[in-house]
Amino acid sequence: MNPEPIPAGLAPAPPPVMRRFAASSKTLGEGMEIRRALPTQARRMVGPWCFLDHFGPVDISGGQGMRVGPHPHIGLQTVTWLYEGEILHRDSLGSLQLIRPGQLNLMTSGRGISHSEESPQERSPRMHGLQFWIALPDGATEIPPAFEHYPELPRVEHGGLHCTVLVGEALGQRSPARMYSPVMGLDVRSPQATTAPLPLDSQFEHAVLLTGGEVSVDGEALHTGELLYLGGQRSSLAVRASADARFAVIGGRAFADPVLMWWNFVGRDKAALSAACREWNAEAPGFGEVRGYDGARLSAPLPPW
Ligand code: MN
């Protein structure tokens, strides 16, 4: 059997493994505690996925909820996915978009964008969700910035698992979200306890993140606050889920060369990351302007190099 040729800039699928990476606790914006499952010290990426925040469930009926002031991005796409609550997104393209559970916000920074995120004034008492970043591959880092809101995504019921295809393709369904390298993201719920095989692309590497209930994959129990990295070369995953469990599956072709990250920037070299910090702090025009956010823009911390 001849192996498939590997596209330029992508790495061959690594062997299958089971490795746990503990998420770290971070503060997002003005005081919201979140768990960051990517990057960790020992695992920087899973395919093109380079950042994974799990926030909540948190009661925001008393406080001001989420408040993340205007800040820039380069070299990535942000994927926002809510289980509960709402977030109001504003960006330098003039977008003003409320996102609710079941919808996808996809922001493509390309060569530069800025945005803010806040809980709207009229809001649900609880917030719970995920924000991911997907690194743009070589050749797509200088594309123009874009923002898309997808009110509906493909849903598949599979062996008692209720799956939503966030990005890429899974279970024969393709998300409309525009991607730039081979990638998949799946939200999985189990209203009832069930066991089911979940088909995977063996060319991808994968990881799973538990956000509720009890789930095991190939006999390995998931724990909240851990990313379970699965490696590649798997064509199926045996899922066992309790009633009301929920988890995310992320995967994709690994890049041949890992990306560098500093603050809200993804790049290929330190000079570009330093330049982005200086330009943002100097209010250079490349990142545009976010209008209507009632608060201060964030400052870029300068890198140690
Ligand atoms: Mn952001």
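The values are calculated or read from the model by the stated rules, or taken from the named source; none is laboratory data. From a predicted model like this one, the values you see are computed outputs, not experimental measurements. When we count neighbours, we look across all protein chains shown, and the Cβ atoms used for this are built from the backbone with ideal geometry, even at glycine. Surface areas here come from the heavy atoms of the whole protein model, side chains and all, with no ligands, DNA or RNA. Shrake-Rupley method; radii C 1.70, N 1.55, O 1.52, S 1.80 Å.
Remarks
- The listed residue being farther than 27 Å from His162 by Cβ and open to solvent by 20 Å² or more (accessible area, probe 1.4 Å), out of Ser116, Ser95, Ser124, Ser109: Ser95
- A residue that is more than 16 Å from the ligand (Cβ to nearest atom) and touching a strand residue (DSSP E or B) at 6+ places or on another chain (Cβ under 6 Å) cannot be found anywhere in the stretch 130-146.
- Number of the condition not met by Gly69 [criteria: (1) crowded, with 24+ Cβ neighbours inside 10 Å; (2) within 14 Å of the ligand (Cβ to nearest atom)]: (1)
- Evaluation of Lys270 against the conditions (1) open to solvent by 70 Å² or more (accessible area, probe 1.4 Å); (2) without any contact (Cβ under 8 Å) to a residue 60 or more places away in the chain; (3) more than 24 Å from the chain's Cα centre (by Cα) shows that the sole unmet condition is (3).
- Counting only residues that are in contact (Cβ under 8 Å) with a residue 12 or more places away in the chain and open to solvent by 70 Å² or more (accessible area, probe 1.4 Å), the stretch 23-34 holds 3 of them.
- Residue match in the stretch 126-139 (condition: farther than 22 Å from Gly9 by Cβ and of a type in the set (Asp, Glu)): no
- Between Arg189, Arg155, the distinction of being in contact with a strand residue (DSSP E or B) (Cβ under 6 Å, 6 or more places away or on another chain), surrounded by 16 or more Cβ atoms within 10 Å (Cβ to Cβ) and of a type in the set (Lys, Arg) belongs to Arg189 only.
- Ala13 vs. criteria open to solvent by less than 70 Å² (accessible area, probe 1.4 Å), within 17 Å of Trp133 (Cβ to Cβ), hydrophobic (A, V, I, L, M, F, W, C) and touching a residue at least 60 places away in the same chain (Cβ under 8 Å): no
Condition check ((1) assigned to a strand (DSSP E or B); (2) in contact (Cβ under 8 Å) with a residue 12 or more places away in the chain) across all residues:
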{"position": "Glu117", "(1), (2)": "yes, yes"}
{"position": "Gln121", "(1), (2)": "no, no"}
{"position": "His128", "(1), (2)": "yes, yes"}
{"position": "Gly139", "(1), (2)": "no, yes"}
{"position": "Pro144", "(1), (2)": "no, yes"}
{"position": "Cys163", "(1), (2)": "yes, yes"}
